[in-house]
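The values are calculated or read from the model by the stated rules, or taken from the named source; none is laboratory data. Note that the structure is a prediction, hence the values are computed from the model and not measured. Counting neighbours? That spans all protein chains shown, and the Cβs are built from the backbone with ideal geometry, glycine included. Surface areas here come from the heavy atoms of the whole protein model, side chains and all, with no ligands, DNA or RNA. Shrake-Rupley method; radii C 1.70, N 1.55, O 1.52, S 1.80 Å.
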Amino acid sequence: MKIRKPVVWKMAVTAVIVIVAVGVYAVWGSRRSERVHVREMALAENPGLKGILELYQEDSLKYEAALFLIDNMAYYQGADSGELESMYKAYDIFSTGRYTYRQALDSAERLCGKPKNVQQIRWKADVDMEPGFLVSNIEWAFKVWREQPWGKNVSFEQFCEYILPYRIGNEELVPWREKLYYQFMPIIEKYKNDPQIENPTFAAHIVLDSLLRAPFHFTGEMATSVRIGPRIADWRGGSCLDLCDMLVYIYRALGIPCGIEELPMRGNNNASHYWNFLVDQHGQTWYFSMFYWWHRLLKAEVYDDVYGKVFRQRFSLNRAMTDSLQLPLDSVHPVFRYPFFEDVTRLYATDKAFTLSVGKRHFVRDVKRGEVVYICMSDRYAWKPVGWTRYDGSNAVFKDCHGGTIYCLAVYDAAHDKLDPVSSPFSVGKENGKMEFYEAREETEDVVLLSKFGMLGEFFLGRMVNGVFEGSNSPSFKQKDTLLLIREIPGRLCTMVKTDSSKAYRYVRYYGPAGGYGNISEAGFYSSANDTVPLAGKVLGPEDGAAGDHSYFNVFDGHTDTSYDYPFADGGWAGLDLGERKHIGKIVYTPRNRDNFVRKGDLYELWVCREGKWRPFARQTATSDSLLFKDVPKHALLLLRDLSRGEAERLFEYKDGKQVYW
């Protein structure tokens, strides 16, 4: 099963706070005082750490590196040995490429038992680690930093943050540097005489290029609250975060400074996203990922996504942020309570990283001068904070916010552990930063809804453009007539088109366009525009498309949630032998889809956002592939929930008679 619940609040960097560190401060205060107290408590908890400092008394850099780790380790813990065997087995099986992740989970459960919920896992605090483990980590980190030709172009600060750390998140703590060094160093050895090898970006490029030449397996289904650890380098499969972790382990083992950037919430989706980064000797940030297999290293400023905010994960606590908060810990929203990240939005958005100023007139409730206000992004019918500021009595000003998305302001109600919206939601123009507030009006309108989620990721739909429906009286379709050419991406579950052909045909089919893999979910041929029952016949198609879960038989099975996926990009088709010649007066087709269109028979609930709070408006059961809701407030953000199935839902506005998703 998916492990979703964190052991405590999961940070943007998925670090897990250890109790010994929580007791340090009730209020964030002096950066030096906090660091000194954490250090003293760690050394008191594990006297063996003092021996490490004594060992490095004569080596100032190693001494400082040891302090860097000790000053932050009290904030970390990881799964204890033996707690994650079922999860490991699932990754191991999935890595073969022969099974879906769901199949891998089921097999792992049969072999190793049901995976433990994070509340059941035993956790081990990093301050209790064996001193020898930390010494070995430090020695190996310095070895690669000092021996690699590009090491002279990696600063000590970069080394500490992006090579030295012994862990990434809350994974089980195991040795990994030596194994991965010898496993992947041969990639580097081939280029040891290349003059470009002194450039860390060149080293990163050749390693990434080598890794991308071997198979790897991505799935969006993996969603654990426990990081997998260095074994991911062998398994080469999982989520975008798993693949990022893989590169971090390999690169750091080789002495290449590498980290992870995070979208805490995608600007057009209800999900976070991750990729890798490297900062070169000139301060330029380069981004890359196994997930972005079609390119290697690119400059951050060419990254193209609706991102709102970009956070850079780090091993050390962002003490500059905690110092500026100056609040009791329990008064700070959990996302920012222990920030192991920094905001690097401007590096990616450049001049499109806007400063947003929300004036008092846009507030829907009183906010005290000096009160911390959070800027939030949409996660279905909830808000997730991605930035904060102090209200100055007139405006709440937020720096470096990317546009093309929806924001809402809120304050944190610590007593009830929830965000309380203080503004109506507002959009920010991607190119100009123009803000538009969505305030539900008294004036109403009727809305016709076709889907509950935007077309993000629905690349299947575009595979029907230039596809054709054909009629013929030859089983080989040697002579054929075009009944319908699809010229645009389908916008609803069932598209009905009348045909004006006067001829009759025994054989009819859908033939996919070049590069379309024959993708279609349903096709119905009708004798006349008034018929409600499609013509029946013997199902036809190419031999290569007859087998598997996505065969051409799905096109005529009456189910819009099954589909045809021809194994080759070109040449996919599905048709019928009607037994005799018949007129075709109407065609109804459904594109291959992710089941986010309105489906007949499902129960839906429309929600309306008023002053930042989502409220249910009306329910109805779909009698077709569209819904009509009457008297809906104008200029409000809306969200459609399918109460019968699925979780994918996204907020939208109703504009010019259409749903416009954000």
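Assign one of three labels to region 137-180, namely rounded, prolate or oblate, based on the Cα gyration tensor with a ≥ b ≥ c the square roots of its eigenvalues; rounded applies when a/c is under 1.5, prolate when it is not and a/b is larger than b/c, and oblate otherwise. Numbers along the way, then the final one.
Working: a/c = 2.89, a/b = 1.60, b/c = 1.80.
Because a/c hits 1.5 or more and a/b fails to exceed b/c, region 137-180 counts as oblate.
Quick one, which of (i) 56, 27, 24; (ii) 50, 33, 22; (iii) 42, 31, 24 is the actual semi-axes √(5λ) of the Cα gyration tensor in Å calculated for this model?
Given (i) 56, 27, 24; (ii) 50, 33, 22; (iii) 42, 31, 24, the structure-derived one carries the label (ii).
Which value, in debye to the nearest 20, gives the size of the charge dipole of the chain about its Cα centre, when Lys and Arg are +1 and Asp and Glu are -1 at the Cβ?
Result for the chain is approximately 1020 debye, rounded to the nearest 20.
Going down the list Lys309/Lys655; Lys152/Lys309; Lys143/Lys179, which pairs span over 23 Å between their C-alpha atoms? Intermediate values should be presented prior to the final figure.
On the way: Lys309/Lys655 26 Å; Lys152/Lys309 32 Å; Lys143/Lys179 14 Å.
Cα-Cα > 23 Å for Lys309/Lys655; Lys152/Lys309; rest within.
Lys/Arg Cβ at +1, Asp/Glu Cβ at -1, dipole of the chain taken about the Cα centre: which of Tyr182, Val135, Gln281 is farthest positive-ward?
Comparing the listed Cα positions along the dipole, Gln281 ranks first.
Are there chymotrypsin sites (Phe, Trp or Tyr not before Pro) in region 252-314 that DSSP puts in a loop and that have at most 12 other Cβ atoms within 10 Å, and which ones? Can you show the working numbers first?
Values: sites: Tyr274, Trp275, Phe277, Trp286, Tyr287, Phe288, Phe291, Tyr292, Trp293, Trp294, Tyr303, Tyr307, Phe311; in loops: Phe291, Tyr292, Trp293, Trp294, Tyr303, Tyr307.
Of the chymotrypsin sites (Phe, Trp or Tyr not before Pro), the ones in loops of region 252-314 whose Cβ has at most 12 other Cβ atoms within 10 Å are Trp294.
For Arg492 paired with Ala382, estimate the spin-label separation in nm (one decimal), with each label point 7 Å from Cα along the Cα-to-Cβ line.
That separation, rounded to one decimal, is 3.4 nm.
What percentages, rounded to whole numbers, describe P(r) for region 212-325 computed over all alpha carbon pairs with 10 Å bin width beginning at zero?
12, 43, 36, 8, 1
When all alpha-carbon pairs of region 333-464 are counted, what percent fall beyond 18 Å? Walk me through the numbers before you get to the answer.
Numbers: 5362 of 8646 pairs.
Every Cα pair in region 333-464 considered, those over 18 Å come to 62 percent.
Taking amide H atoms as placed 1.01 Å from N in the peptide plane, list the residues 5 or more away in sequence, or in a different chain, whose amide H sits under 5 Å from that of Leu484.
Phe469
Which order do the peptides 378-387, 173-182 take when ranked by the mean count of other beta-carbon atoms within 10 Å per residue, highest first? Write down the numbers at each step before the final one.
Details: 378-387: 20.7, 173-182: 16.8.
Result, highest mean Cβ count within 10 Å first: 378-387, 173-182.
What does the accessible area per residue of the chain come to in Å², with a 1.4 Å probe and no ligands, DNA or RNA counted? Can you show the working numbers first?
Numbers: 28350 Å² over 662 residues.
Ligands and nucleic acids excluded, the result is 43 Å² per residue.
When averaged across all projection directions, what area in nm² does the alpha-carbon convex hull of region 484-608 cover?
Working: hull surface 36.1 nm².
Mean orientational projected area (region 484-608, Cα hull): 9.0 nm².
Looking at region 431-551, what % of the alpha carbon pairs are farther apart than 20 Å? List each step's numbers first, then the result.
Working: 4214 of 7260 pairs.
More than 20 Å apart: 58 percent of the Cα pairs in region 431-551.
Order the peptides 112-119, 517-524, 187-194, 87-94 from the highest to the lowest mean number of other Cβ atoms within 10 Å of their residues.
Order by mean packing, descending: 517-524, 87-94, 112-119, 187-194.
Would you be so kind as to identify which of Trp573, Gly403, Asn530 lies farthest towards the positive end of the dipole of the chain, taking Lys and Arg as +1 and Asp and Glu as -1 on Cβ and the Cα centre as origin?
Farthest towards the positive end: Asn530.
Taking the Cα centre of region 505-662 as origin, work out the dipole magnitude from +1 charges on Lys and Arg Cβ and -1 charges on Asp and Glu Cβ, in debye rounded to 20. Intermediate values should be presented prior to the final figure.
Details: 21 positive and 22 negative charges, 141 e Å.
In total the dipole reaches around 680 debye.
Using a Debye calculation, one point per C-alpha and no hydration shell, please list log10 I(q)/I(0) for region 262-349 at q = 0.18, 0.22 Å⁻¹ in order.
The computed values of log10 I(q)/I(0) come out as -0.88, -1.16.
Between Asp351 and Glu139, what is 0.36 nm times their sequence separation minus the Cα-Cα distance? Round to one decimal in nm. The partial results should precede the final answer.
Details: separation 212, 0.36 × 212 = 76.32 nm, distance 4.20 nm.
Net length gain for the segment: 72.1 nm.
How about Lys480: which lysines have a C-alpha closer than 27 Å to its C-alpha, ignoring those fewer than 8 places off in the same chain?
Within the straight-line cut-off, Lys480 pairs with Lys498, Lys503, Lys538, Lys582, Lys586.
Dipole of the chain (Lys/Arg Cβ +1, Asp/Glu Cβ -1, origin at the Cα centre): which of Tyr374, Gly516, Tyr75 lies farthest to the positive side?
Gly516
Please provide three numbers in whole Å: the alpha-carbon extents of region 60-113 along the principal axes, with the largest listed first.
Principal extents (largest minus smallest coordinate, Cα): 51, 22, 13 Å.
Taking θ as phi - 60°, what are the ³J(HN,Hα) couplings along region 478-483 by the Karplus curve (6.51, -1.76, 1.60), each to the nearest whole Hz, with x for Gly and Pro?
5, 10, 8, 10, 7, 8
Under a Cβ-Cβ cut-off of 9 Å, what is the net charge of the residues other than Trp235 that fall near it, where Lys and Arg count +1 and Asp and Glu count -1?
Around Trp235, the charge tally is -1.
Rank by packing, highest mean first: peptides 530-540, 367-377, with packing defined as the count of other Cβ atoms within 10 Å averaged across residues.
Numbers: 530-540: 13.2, 367-377: 18.5.
Taking the mean over residues of other Cβ atoms within 10 Å, the ranking is 367-377, 530-540.
Rounded to the nearest 5, what is the percent of antiparallel bridges among the DSSP beta bridges in region 210-321? Write down the numbers at each step before the final one.
Numbers: 13 of 15 bridges.
If we restrict to bridges inside region 210-321, about 85 percent are antiparallel.
Specify whether the C-alpha gyration tensor of region 449-505 places it in the rounded, prolate or oblate class, a ≥ b ≥ c being the square roots of the eigenvalues: rounded for a/c under 1.5, otherwise prolate if a/b is larger than b/c and oblate if not.
Numbers: a/c = 3.67, a/b = 2.18, b/c = 1.68.
Because a/c hits 1.5 or more and a/b exceeds b/c, region 449-505 counts as prolate.
Rounded to the nearest 500 deg cm²/dmol, what is the calculated helix-only ellipticity per residue at 222 nm for the chain, with -39500 (n - 2.57) per DSSP H run of length n ≥ 4? Before the final figure, lay out the partial values.
Numbers: 16 runs with 152 residues, N = 662.
Here the helix-only value at 222 nm equals -6500 deg cm²/dmol.
List the residues, sorted by chain then number, that are 5 or more residues from Thr219 or on another chain and whose placed amide H is less than 5 Å from its amide H.
Gly238, Ser239
Would you mind checking which residues have amide H under 5 Å from Ile406's amide H? H placed 1.01 Å from N; only 5 or more apart, or other chain.
Under 5 Å from the amide H of Ile406 lie the amide H atoms of Ser378, each far enough along the sequence or on another chain.
Can you send over the solvent-accessible area of Asp128, 1.4 Å probe, protein chains only, in Å² to the nearest 10?
70
Go ahead and collect, in residue order, the members of region 202-223 whose backbone nitrogen is under 11 Å from a label point 7 Å along the Cα-Cβ direction of Asp106.
No residue qualifies, since no backbone N sits under 11 Å from the label point.
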